[in-house]
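Below: one structure, written as structure tokens.
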Amino acid sequence: QLLSARISEWMDERTDARQVKRKPRILGNELPQSGVWVGAAARVLLRGCLISRTLGPGVKVYRGELEAVGNTIAFASRGANVVANGGRVRLSRNQIQGATGDGVSVWNCTQLSADGNRIEGNTGSGVVINSCGGRVSLGPDNEFAANGAQDISRPSARELACSRAAAAALAAC
């Protein structure tokens, strides 16, 4: 009986080891690109979460509303950890680090408020403002460290003129 019990344990261990080594089955392109997607009709409170090692942005806001408090958003492998394309975003006391791109990337009339965040170790800028039209408020208590480019990157005067012209053209439609 003792021998059969040990063989049974050994078989269970082998089965568990095989299951751990097995790669997940992926049909087509089903891997999510973003950790969290906030769409136009969404209003999201993200508190105390770990979002890490995503293929695309850790958090993507597309015209929705996001309040992120006390999260770690890290290691996006393509682009920024946080991407906001329109909408309202409030970032407070988050750790935003290690993206293969910018820490936070803001586009197209986004209203961004950021206070008490630590934004570090991104290969691009800490925060990049890509177009005008929105409001960006970065509090003095944000900490920036070891980003590959500038801590805060703003569009040039030429880029601002182009984005204003584009915004006026869109408003006329």
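The values are calculated or read from the model by the stated rules, or taken from the named source; none is laboratory data. Predicted model, so just to flag it, every value in this text is computed and none were measured. So basically every Cβ, Gly included, is an ideal-geometry build from the backbone, and we count neighbours across all protein chains shown. Heads up: the accessible areas ignore ligands, DNA and RNA and are worked out on the full protein's heavy atoms, side chains in. Shrake-Rupley method; radii C 1.70, N 1.55, O 1.52, S 1.80 Å.
Points worth noting:
- Candidates 119, 129, filtered to the one that is modelled with pLDDT under 95, surrounded by 18 or more Cβ atoms within 10 Å (Cβ to Cβ), among the hydrophobic types (A, V, I, L, M, F, W, C) and farther than 19 Å from residue 40 by Cα: 129
- Enumeration of residues in segment 90-104 that are crowded, with 19+ Cβ neighbours inside 10 Å and over 15 Å from residue 35 (Cβ atoms): 102
- Here residue 124 meets the list (1) open to solvent by 30 Å² or more (accessible area, probe 1.4 Å); (2) modelled with pLDDT of 95 or more; (3) not in a strand (DSSP E or B) almost entirely, failing just condition (1).
- Screening residue 79 with (1) closer than 14 Å to residue 61 by Cβ; (2) at pLDDT 95 or above; (3) outside any strand (DSSP E or B) gives one miss only, at (2).
- Residue count for segment 48-69 satisfying the condition of being open to solvent by less than 40 Å² (accessible area, probe 1.4 Å), in a loop (DSSP other than H, G, I, E, B) and over 21 Å from residue 128 (Cβ atoms): 0.
- Taken over segment 30-47, the criterion of being over 9 Å from the mean Cα position of the chain (by Cα) and either open to solvent by less than 60 Å² (accessible area, probe 1.4 Å) or among the β-branched types (Val, Ile, Thr) (or both) is satisfied by 38, 39, 42, 44, 46.
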